Amino acid sequence: MKDVFVVTHAEAAHHIEGLVGGWYDSELTDLGREQARAMGERLSELVGGRKVVIYSSDLKRAAQTAAIVAERFETTYTVSKSLREASYGVAEGKEQAWLDEHWVKTPEDNRLDHRNVEGGETLRELSERVYGFSGPRMFESQDEFVVFVSHGFASTFIIANWIGLRLEDVSHVHFNLSTASITQLHWDDHFRTRSVKRLNEVVL
């Protein structure tokens, strides 16, 4: 048996300031810290006090969320750039209206390699790094409970990896996860299936 929990970071300053996130490194708000504590409590309920291994994006809003969750479990966490949100290039830290104005609509052909904004990541670049990091920790490790603390869009590709979507098939996938949400992925030893046990559960 294995359970993987995909946690989207809690509310950050750029959310309430109306700024583009991506790799823009904003910190949690007071509400965000409350949300992170609530997610730690909920994860503890779901895991039943057993040991978890926690991996997090290295961006402040995710790492701060992971630190609060890890404190609830009296454990540590490991950060990685591979769990970062999609990069929005020159738009990061600018007002959302700026990005809306400069957004280059994704074409139907070659969606994986299109850049929506100057300096931003393509879907291929994003999905390859998330798949490359999450795959071994989900499928090869002996850890029974794994927690990934990531971002709303990047987390889509942890789930896509879990359910077996090939990289070339992710160009249209999006799970639209909320801020401060928990998604639980479950491996069933008996039926040998990988399921999505709960999706986008918002705790607070």
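The values are calculated or read from the model by the stated rules, or taken from the named source; none is laboratory data. What you see is a predicted model; the values in this text were computed from it and never measured. Cβ placement follows ideal geometry from the backbone for every residue including glycine, while neighbour counts extend to all protein chains displayed.
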Of the criteria (1) under 26 Å from Met1 (Cβ atoms); (2) touching a helix residue (DSSP H, G or I) at 6+ places or on another chain (Cβ under 9 Å); (3) of a type outside the set (A, V, I, L, M, F, W, C); (4) crowded, with 17+ Cβ neighbours inside 10 Å, which one Gly135 fails: (4)
Per-region count, region 1-59, residues acidic (Asp, Glu) and within 13 Å of Ser150 (Cβ to Cβ): 1
Out of Phe157, Phe148, sole residue that is modelled with pLDDT of 95 or more, closer than 14 Å to Lys2 by Cβ, buried (at least 17 other Cβ atoms within 10 Å of the Cβ) and out of contact with any Asp or Glu (no Cβ under 6 Å at 6 or more places or on another chain): Phe148
Within region 178-197, considering residues that are part of a strand (DSSP E or B) and among the β-branched types (Val, Ile, Thr), the one farthest from Thr8 (Cα to Cα): Thr193
Residue within region 185-193 that is touching a helix residue (DSSP H, G or I) at 6+ places or on another chain (Cβ under 8 Å) and not hydrophobic (A, V, I, L, M, F, W, C) present: no
Where Leu165 falls short, out of the listed (1) on the phi > 0 side of the Ramachandran plot; (2) without any contact (Cβ under 8 Å) to a residue 24 or more places away in the chain: (1)
Hits in region 140-158 - residues which are part of a loop (DSSP other than H, G, I, E, B) and touching a strand residue (DSSP E or B) at 6+ places or on another chain (Cβ under 8 Å): Ser141, Asp143, Glu144, His151, Gly152, Ala154
